[in-house]
Amino acid sequence: MTLRLTNTAKTYPDGTKALMPTDLTVETGEVVSLLGPSGCGKTTLLRIIAGLETPDTGGEIWFDDDNVTAQPVERRNVGMVFQSYALFPNMSVGANVGYGLKMQKLSKPEIDARVTQVLEMCQLEKFSHRSISALSGGQRQRVALARAIAPRPRLLLLDEPLSALDAALRETLRDELAILLRKFQITAIFVTHDQDEAMAIADRVAVMAEGRVVQSGTPEELYRNPTSAFVAGFVGNAMQLHGTHDGMLLKLSGGVLPLGRDGTGQDIFVRAEDVLIDSSGPLKGQVETVTFLGTHYRVGIGGLMPEILISIFPGQSAPRIGETVQVSIKPESLMLLPQTGRGK
Ligand code: ATP
């Protein structure tokens, strides 16, 4: 199913403009993540799609050729998975997963067959008869997903479904979820404020700020070609180089950096991995912090940049705190972005 939103906005009764007029399309089978800081309108947008909130006049929500704007939540056939699993604690796993099918009035053999299939796909078959209260958090979250998927919804909406879990489990389930969503070929929207989660799960990420989608693209596109300082900082934590502009040059406290093009009126950003320790580099600074990261060191250089990432090769030693190092940055790895801050 293709989801299409046109001119969809939301003003709450107290006057809060939670969502500015937004156009968004999610293609059949596509997994789109809404990524943004707390309060930017992600949940509001998701609730409008589900039918739990009404958009301001003029906004339209289409499921394929079906205008569902005025349809109530129960008629939209949307699956939902939230941070709180909202499972029925006294029912077995199988009964939870079959609940929506019972509501759809499927026959008992049909329900049994579908429940078995979904439990198998979610690797839950051995828990079918177990009660929800006897499951771990990660298992409960998988049951919540299985329950949402079983009725074959037209669209699956997931609102921070992993945020109640501990970090290690979150990472495992994140990858499982990415695989499962593809296996079921479900059109899905995944809300998160965690960029790693968004990048791992989604085909396309829509970055939101202050009630707007500020940029949408594949994780690679957002990482390599952010169109605003906000997206550069939010996706992949690009660092801003603060200096004085002089046409093709940026004057920093540690030296003069060639930009390769005119940087007047632009903010200059660079990713940690594009900063190189290089004895012929034009910038100079003193090492202030060194953190061992297994495959890399993270090095902070006083007055120049809070972190650069250095790969560790056999026999190579990391810079020492207090040491003065020279740094180079290839002009083509610099991102020159409009100085408007959050951008549009
Ligand atoms: P979080 O990541 O913290 O859940 P979010 O991006 O999902 O945030 P929303 O919950 O959509 O953000 O909220 C967007 C804005 O709308 C916020 O400023 C919030 O305070 C406001 N808001 C949400 N619900 C209501 C409401 N019922 N009445 C008034 N304002 C609301």
Cα-based Rg then Dmax for the range 103-160, in Å, read 11.9, 34
Residue 23 to residue 194: FRET efficiency via 1/(1 + (r/R0)^6), r the Cβ-Cβ distance, R0 22 Å, to the nearest 0.05?
0.30
Work through the residues other than residue 192 whose Cβ is under 15 Å from its Cβ and net out their charges, Lys, Arg +1 and Asp, Glu -1.
-4
Once both labels are modelled 7 Å past Cα along the beta-carbon direction, what's the residue 249-residue 83 spacing in nm?
5.0 nm
When you count, for each residue, the other Cβ atoms within 10 Å and take the mean per peptide, how do 258-267, 111-120 rank with the highest first?
111-120, 258-267
When DSSP beta bridges are limited to those with both residues in the chain, what percentage is antiparallel, rounded to the nearest 5?
75 percent
Convex hull volume of the Cα atoms in the range 232-344, per residue, in Å³?
104 Å³
If we sort 268-280, 65-77, 163-175 on the protection proxy, mean other Cβ atoms within 10 Å, highest first, what's the order?
268-280, 163-175, 65-77
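Let me check I've understood the local charge: for residue 19, count other residues with C-beta under 13 angstrom from its C-beta, Lys and Arg +1, Asp and Glu -1. What total comes out?
Taking every other residue near residue 19 into account, the sum is +1.
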If you count only protein heavy atoms with a 1.4 Å probe, what accessible area per residue comes out for the chain, rounded to a whole Å²?
48 Å²
Counting only protein heavy atoms with a 1.4 Å probe and every protein chain in place, the carbon and sulfur fraction of the accessible surface of the chain in whole percent equals 51 percent
For the range 1-144, how big is Rg over Rh, using alpha carbon atoms and the Kirkwood form of Rh?
1.03
Across the alpha-carbon set of the chain, Rg over Rh with Rh taken as the Kirkwood radius works out to 1.07
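The values are calculated or read from the model by the stated rules, or taken from the named source; none is laboratory data. All values reported here derive from a predicted model rather than from experimental measurement. Backbone-built Cβ (ideal geometry, glycine too); neighbour counts: all protein chains shown. Side chains included, ligands, DNA and RNA excluded: accessible areas come from the protein's heavy atoms. Shrake-Rupley method; radii C 1.70, N 1.55, O 1.52, S 1.80 Å.
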